[in-house]
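The values are calculated or read from the model by the stated rules, or taken from the named source; none is laboratory data. Everything numeric in this text was worked out from a predicted model, so none of it was measured. All Cβ positions, even for glycine, are placed from backbone atoms using ideal geometry, and neighbour counts span all protein chains on display.
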Amino acid sequence: MKAIKFLIATILCAVSFYATTAQVVVDASEVVGKIKVMNAVNNGPQVAGSTQKRGNAQAYKEAEFGYARLHDAPIRWGWAHTVDVSCVFPNFEADENDPKSYDFTLTDKLIKEIYDSGTKVFYRLGQSIEHWPKKYGANPPANFKKWARICEHIIRHYNEGWADGYHYNIGYWEIWNEPDLDTKKKDFVRAKSPCWTGTEEEFFHLYEITANHLNKCFPDLKIGGPALASNLEWADRFLAYMSKKKVELGFFSYHRYFGKMEKALRMTNGVKALLDKYGYTSTEMIFNEWNYLANWTDEFVHTIEVINSYKGAAYAAAVMSTFQDSPVHMMMYYDARPGTSFNGLFDFYTSQPRHAYYALYSWSKLRRLGTQVKSDVGGLKDFYATAAKGENGKLALLLTYYTDDRNVVAPKRLTIDFKGFEIKEAMSHVLDRFKMHTETPIEIVDSKATIFMEPNSYILIELR
């Protein structure tokens, strides 16, 4: 008898739970703006060799990432001697005006493969991170003006054909990477810094000299930086210096690794406030390193597990939706290099797509349509939505249920109401703990669909 009562109570609870339906509204008649490049990445494709054919070039191309930032590219055996100034110009004592002083070979190959995939290059001028005890490229250049002229010749090689070069018209050139890394730590030792061993003032001076020189040489390009790690106090001093010196800032780039959306939003709002404070009100904000993080210490293994799981995909989809509605101009997922800890896009052994790849791939569907329209999750916690329409009579919705609360396991029932759009056909793809971007039937009656969503999942609904 007790068992029967318990069963009845359980059923009643379930009915009560599922009867509580949250409503998501998409209004195709209300235009919000343009779908932004939220699904750009760091680094390029892995092209299969003539033997042992293992690569991701086709999947990389199909994802339409938009931009690939070149950072940490040499930290992988296949791309050593690439991108970094110390790799392209290996002998700092050499003549920077002599093409023979440069080694462009492998960087040429890498950039060609990126452009062959249909993706544009975002070139980071500077050095990759150095976690090893002795620092090689993280030290200040011996001559700041010469370093700026070396950067000039790298740009001329890829944009103007100098030294048997190319005419890629690469628009974004970023000066250095994370010069503020670890500066907030109490035990910070400058000589051990993995990105910049010089003083703060030395970096400001290097940036000023390089930016002024490159802006003078290439007034139509976007010269920016500094790829801020996280220190907003450092950023305040950096922007105060640049404003005082009247240095043009083509864009401001910054990074954040996080599990809870509010952390990155605080960072973004802080960056925007500083840019406005110092008169850089129209400067592009480029969030060009991001990924899931529980913490850097005892939960780092958990972090990597999440990045490479369905939760990592839901996280990526939620982040893109969140920052689509922020001042951020463009975002770049870190990282697309197969075999790296923060790559949830491609499998280490096979190079084939993993969970997070499909989140970025889904975003490309919205970008292809182009125009963001209003979507509202009705204040429902942990739900994120972005909708887009195209001139081709199509509408798409990316709806995500992401939570970093490990105790949340129950699915949610939702009704999606599509307004201002005549639906003729509907198709959906679902990614959750059971499905990997799997085509899933969806029934829409009177412009409404009722669905159930697992925690840490997304659904991409395409209509026409």
*If you go through the range 236-251 one residue at a time, do you hit one that is within 16 Å of the chain's Cα centre (by Cα), at pLDDT 95 or above and of a type outside the set (A, V, I, L, M, F, W, C)?*
no
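Residue under question is residue 182, and the condition is that it be at pLDDT 95 or above and part of a loop (DSSP other than H, G, I, E, B); does it hold? Reasoning before the result, please.
On the way: at pLDDT 95 or above: no; part of a loop (DSSP other than H, G, I, E, B): yes.
Considered against the rule, which asks whether it is at pLDDT 95 or above and part of a loop (DSSP other than H, G, I, E, B), residue 182 comes out as no.
Kindly evaluate residue 403 against the criterion of being modelled with pLDDT of 95 or more, under 24 Å from residue 455 (Cβ atoms) and out of contact with any strand residue (DSSP E or B) (no Cβ under 7 Å at 6 or more places or on another chain). Can you show your working first?
On the way: modelled with pLDDT of 95 or more: yes; under 24 Å from residue 455 (Cβ atoms): yes; out of contact with any strand residue (DSSP E or B) (no Cβ under 7 Å at 6 or more places or on another chain): yes.
Spelling it out, residue 403 is indeed modelled with pLDDT of 95 or more, under 24 Å from residue 455 (Cβ atoms) and out of contact with any strand residue (DSSP E or B) (no Cβ under 7 Å at 6 or more places or on another chain).
Which residue out of 361, 357 is assigned to a helix (DSSP H, G or I) and either in contact with an Asp or Glu (Cβ under 9 Å, 6 or more places away or on another chain) or among the hydrophobic types (A, V, I, L, M, F, W, C) (or both)?
Testing whether each residue is assigned to a helix (DSSP H, G or I) and either in contact with an Asp or Glu (Cβ under 9 Å, 6 or more places away or on another chain) or among the hydrophobic types (A, V, I, L, M, F, W, C) (or both) leaves just 361.
Does the range 417-425 contain any residue that is under 24 Å from the mean Cα position of the chain (by Cα) and of a type outside the set (A, V, I, L, M, F, W, C)?
Within the range 417-425 (the criterion being under 24 Å from the mean Cα position of the chain (by Cα) and of a type outside the set (A, V, I, L, M, F, W, C)), the answer is no, since none of the residues qualifies.
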*From 240, 229, 211, which residue is under 30 Å from residue 302 (Cβ atoms) and small (Gly, Ala, Ser)?*
229
*asked:* Going by what's in this entry, would residue 206 be described as buried (at least 16 other Cβ atoms within 10 Å of the Cβ), assigned by TED's automatic domain parsing to the domain that holds residue 127, within 26 Å of the chain's Cα centre (by Cα) and at pLDDT 95 or above?
replied: no
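With at pLDDT 95 or above and surrounded by fewer than 21 Cβ atoms within 10 Å (Cβ to Cβ) as the only criterion, which of 214, 221 stands out? Break it down stepwise before answering.
Values: 214 fails: surrounded by fewer than 21 Cβ atoms within 10 Å (Cβ to Cβ).
After applying the criteria, what remains is 221.
Confirm whether residue 462 is acidic (Asp, Glu), touching a strand residue (DSSP E or B) at 6+ places or on another chain (Cβ under 7 Å) and either in a loop (DSSP other than H, G, I, E, B) or in contact (Cβ under 8 Å) with a residue 24 or more places away in the chain (or both).
Working: acidic (Asp, Glu): yes; touching a strand residue (DSSP E or B) at 6+ places or on another chain (Cβ under 7 Å): yes; either in a loop (DSSP other than H, G, I, E, B) or in contact (Cβ under 8 Å) with a residue 24 or more places away in the chain (or both): yes.
Yes; evaluated as a whole, the condition is true for this residue.
Just one of 335, 376, 382 is of a type in the set (Asp, Glu) and closer than 25 Å to residue 228 by Cα; which is it?
Values: 376 fails: closer than 25 Å to residue 228 by Cα; 382 fails: closer than 25 Å to residue 228 by Cα.
After applying the criteria, what remains is 335.
Here is a yes/no grid of residues against (1) part of a loop (DSSP other than H, G, I, E, B); (2) in the same structural domain as residue 254 (by TED's automatic domain parsing); (3) in contact with a Phe, Trp or Tyr (Cβ under 6 Å, 6 or more places away or on another chain); (4) of a type in the set (Phe, Trp, Tyr):
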site	(1), (2), (3), (4)
306	no, yes, yes, no
311	no, yes, no, no
314	no, yes, yes, no
319	no, yes, no, no
331	no, yes, yes, no
344	yes, yes, no, no
348	yes, yes, no, yes
*Do you know which of the residues in the range 221-260 that are assigned to a loop (DSSP other than H, G, I, E, B) and touching a residue at least 60 places away in the same chain (Cβ under 8 Å) is nearest to residue 151 (Cα to Cα)?*
221
*Pairs only if they're at least six apart or on different chains, beta carbon under 8 angstrom, first in the range 400-417 and in the same structural domain as residue 27 (by TED's automatic domain parsing) and surrounded by fewer than 19 Cβ atoms within 10 Å (Cβ to Cβ), second of a type in the set (Lys, Arg) and in a strand (DSSP E or B); list them, first residue then second.*
415/448; 417/448
*Quick one: is residue 118 at positive phi, in contact with a Lys or Arg (Cβ under 6 Å, 6 or more places away or on another chain) and not acidic (Asp, Glu)?*
yes
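Residue by residue, here is whether (1) surrounded by fewer than 21 Cβ atoms within 10 Å (Cβ to Cβ); (2) at pLDDT 85 or above; (3) within 30 Å of residue 317 (Cα to Cα) holds:
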position	(1), (2), (3)
11	yes, no, no
36	no, yes, yes
43	no, yes, yes
52	yes, no, no
55	yes, yes, yes
60	no, yes, yes
64	yes, yes, yes
81	yes, yes, no
*asked:* Looking at the range 294-308, I want the residues that are among the hydroxyl-bearing types (Ser, Thr, Tyr) and have a partner that is surrounded by 14 or more Cβ atoms within 10 Å (Cβ to Cβ) with Cβ atoms under 6 Å, at least 6 apart or on another chain. Which pairs are those?
replied: 303/293; 303/294
*Determine whether the range 262-282 contains at least one residue that is among the acidic types (Asp, Glu), under 23 Å from residue 322 (Cα atoms), in a helix (DSSP H, G or I) and at pLDDT 95 or above.*
yes
